[in-house]
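Colleague: Pasting in a structure now, in structure tokens, and then I'll have a few things to ask.
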Amino acid sequence: LRFEELSDRFRDEFVVLERKVLDSVLHPRNVNGRPMTGELLAELIRRYTDALFSAKGIVKEIAELPTQRQMLVRMAGERSIKTGLSKYEELMEKALAQEPLPIELSRLESIHQFSLKEAVEL
């Protein structure tokens with residue numbers, strides 16, 4: 001197909017794309033004050049891949065960061081533990097406030113087991 005045989009809409013879109021491509025070529029990006037060339041791009045890619053494979057410095061730190069899922073799981077776990085612990089303390093305090101002192105060890109164990117069971121089932 002010749003260009004003239006293409007639909008008007010396609011030719012219009014092609015001209016817009018062509019202008020964008022030519023605009024980006026006429027105004028190259030700068031990296032640290034240097035214009036981006038094929039040689040500079042190759043050097044940056046080489047440095048980047050070397051850093052990835054050697055896993056040193058900030059690249060290593062970034063690679064060791066937890067994922068969003070890991071962070072959410074951790075936060076949910078911490079919240080669950082905090083909620084369970086609060087419930088356990090609340091039940092223990094309430095039960096112990098009603099017990100005469102000194103309290104029998106078997107009774108304390110019974111209150112503990114009940115409070116623990118209730119807190120874990122939250």
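The values are calculated or read from the model by the stated rules, or taken from the named source; none is laboratory data. Note that the coordinates shown come from a computational prediction; the quantities given were computed from them, not determined experimentally. Virtual Cβ from ideal backbone geometry, glycine too; neighbours counted across all protein chains shown. For accessibility, only protein heavy atoms count, side chains too; no ligands or nucleic acids. Shrake-Rupley method; radii C 1.70, N 1.55, O 1.52, S 1.80 Å.
Colleague: Cβ contacts < 8 Å: first residue free of Cβ contacts under 8 Å to residues at least 24 places away in the same chain, restricted to the stretch 54-66; second residue open to solvent by 70 Å² or more (accessible area, probe 1.4 Å) and among the charged types (D, E, K, R), any location; separation 6+ or different chain. Result?
Modeller: Listed by first residue and then by second, the contacts come to Pro66/Arg74.
Colleague: So, one more: For Thr49, state whether it is open to solvent by less than 90 Å² (accessible area, probe 1.4 Å), β-branched (Val, Ile, Thr), at pLDDT 90 or above and within 34 Å of the chain's Cα centre (by Cα). Give the steps one after another, and end with the answer.
Modeller: Details: open to solvent by less than 90 Å² (accessible area, probe 1.4 Å): yes; β-branched (Val, Ile, Thr): yes; at pLDDT 90 or above: no; within 34 Å of the chain's Cα centre (by Cα): yes.
Answer is no for this residue.
Colleague: Taking the condition of being of a type outside the set (S, T, N, Q) and either in contact with a Phe, Trp or Tyr (Cβ under 8 Å, 6 or more places away or on another chain) or not in a helix (DSSP H, G or I) (or both), how many residues in the stretch 88-122 meet it?
Modeller: 13
Colleague: Every residue in the stretch 78-106 that is over 43 Å from the mean Cα position of the chain (by Cα), open to solvent by 100 Å² or more (accessible area, probe 1.4 Å) and of a type in the set (D, E, K, R), please.
Modeller: Across the stretch 78-106, the qualifying residue is only Glu104.
Colleague: I would also like to ask the following. Determine the pairs where a residue that is in contact (Cβ under 8 Å) with a residue 12 or more places away in the chain, located within the stretch 74-95, has a partner that is of a type in the set (Asp, Glu) and surrounded by 12 or more Cβ atoms within 10 Å (Cβ to Cβ) with Cβ atoms under 9 Å apart, the partner being 6 or more residues away or on another chain.
Modeller: Going by the 9 Å Cβ cut-off, the qualifying pairs are Lys87/Glu118; Tyr88/Glu118; Leu91/Glu118.
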